Each structure stands twice: as structure tokens, then as C-alpha cells.
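**Student:** Here it is: the structure, laid out below.
The values are calculated or read from the model by the stated rules, or taken from the named source; none is laboratory data. Please read all numbers here as calculations on a predicted model, not as lab measurements. Here the Cβ is made from the backbone with ideal geometry for all residues, glycine too, and neighbour counts use every protein chain on show. Calculation scope for accessible area: heavy atoms of the full protein, side chains included, ligands and nucleic acids excluded. Shrake-Rupley method; radii C 1.70, N 1.55, O 1.52, S 1.80 Å.
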Amino acid sequence: QVKKQCDQKLLIRMKTKCVPCSLNIDTQCPAGYTKITNGSGTPDCRYYLEFKTYTLSFPGCRHRCVKEFEQPECCQGHWGPDCMGK
């Protein structure tokens with residue numbers, strides 16, 4: 001039996017919104033994503049607060065999330081919706 005389908009595994013990465021680090025502990029990743037940072041996350045961003053006519057910038061934290069995704073693909077020498085042909 002010759003293998004016709006050679007699916008590719010893709011890793012989709014994203015980061016949550018930047019918020020005060022003390023509030024980031026409870027932040028969840030979107031559905032289907034797995035959180036790969038712990039505690040209050042990574043302190044690598046800034047969030048902004050607007051006060052009347054000016055905006056203040058503060059250091060914040062965010063979490064990194066990943067999702068594994070399988071992309072259907074035919075093996076070399078095969079094609080089409082059913083990966084037939086040679």
C-alpha cells in the first residue's frame with residue numbers, strides 16, 4: 001500500500017492582549033489554543049490608558065498560545081481531492 005496522503009502539521013502561534021501583569025494570571029487563550037506561558041505571562045509589551053486629553057503607557061504582560069493544525073496534503077506524485085494519480 002503506497003501512502004498517498006502526507007498531511008503537514010502546522011503550529012499556529014499567537015499572543016493575548018497586553019494587560020497589567022497582576023491581572024494577566026487569569027487570562028485564557030482563545031478556544032482551541034494551549035497556553036505555553038505560566039503565571040502572569042511574559043512582560044514584553046505596553047498597554048495604554050486614556051485620561052481626558054492624554055494617554056499613559058504602562059509596562060504589561062501577555063501570554064503566548066499555540067494551536068496545532070493539520071493541513072491535508074498529498075504525497076509527492078499524487079494529486080487531486082483524493083490524492084490519486086501517479
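**Student:** For a protection proxy built on the mean count of beta-carbon atoms within 10 angstrom, sort 69-77, 12-20 highest first, please.
**Tutor:** 12-20, 69-77
**Student:** Could you do me a favour and compute the accessible area per residue for the chain, 1.4 Å probe, result in Å²?
**Tutor:** I get 78 Å² per residue for the chain.
**Student:** Here is a further query. (1) 3, 13, 16, 12, 10, 9, 8, 7, 7, 7, 4, 3, 1, 0, 0; (2) 3, 16, 30, 30, 16, 4, 1, 0; (3) 3, 16, 22, 26, 21, 10, 2, 0: which one is P(r) over Cα pairs in 5 Å bins from 0, in percent as calculated from this entry?
**Tutor:** (1)
**Student:** Applying the Karplus parametrisation 6.51 cos²θ - 1.76 cosθ + 1.60 with θ = phi - 60° to the phi angles of region 28-44, what ³J(HN,Hα) value in whole Hz is obtained for each residue in order, glycine and proline being reported as x?
**Tutor:** With the stated coefficients, region 28-44 comes to 10, 6, x, 3, x, 9, 10, 6, 10, 10, 10, x, 8, x, 9, x, 10 Hz.
**Student:** How high is the FRET efficiency between Phe58 and Asp7 when r is their beta carbon distance and R₀ equals 35 Å, given to the nearest 0.05?
**Tutor:** Calculated transfer efficiency: 0.20.
**Student:** Arg62's amide H: which non-local residues (gap 5+, or another chain) put their own amide H closer than 5 Å, with H modeled 1.01 Å from N in plane and none for Pro or chain starts?
**Tutor:** Counting only residues 5 or more places away or on other chains, the set is Thr42, Asp44.
**Student:** Quick one: order Asp26, Asp7 from most to least accessible surface, probe 1.4 Å.
**Tutor:** Asp26, Asp7
**Student:** Here is a follow-up. Between Ser22 and Asp44, what is the label-to-label distance in nm when each label sits 7 Å out along the Cα-to-Cβ direction?
**Tutor:** Label at Ser22, label at Asp44, 2.5 nm between them.
**Student:** Still on this model: Could you tell me the number of lysine pairs in the chain with C-alpha atoms less than 30 Å from each other, where the two lysines are 8 or more residues apart or belong to different chains?
**Tutor:** Within the chain, the lysine pair count is 15.
**Student:** Please report the relative contact order for the chain, taking Cα pairs under 8 Å with a sequence separation of at least 6, and give it as a percent rounded to a whole number.
**Tutor:** Once divided by the residue count of the chain, the mean separation gives 41 percent.
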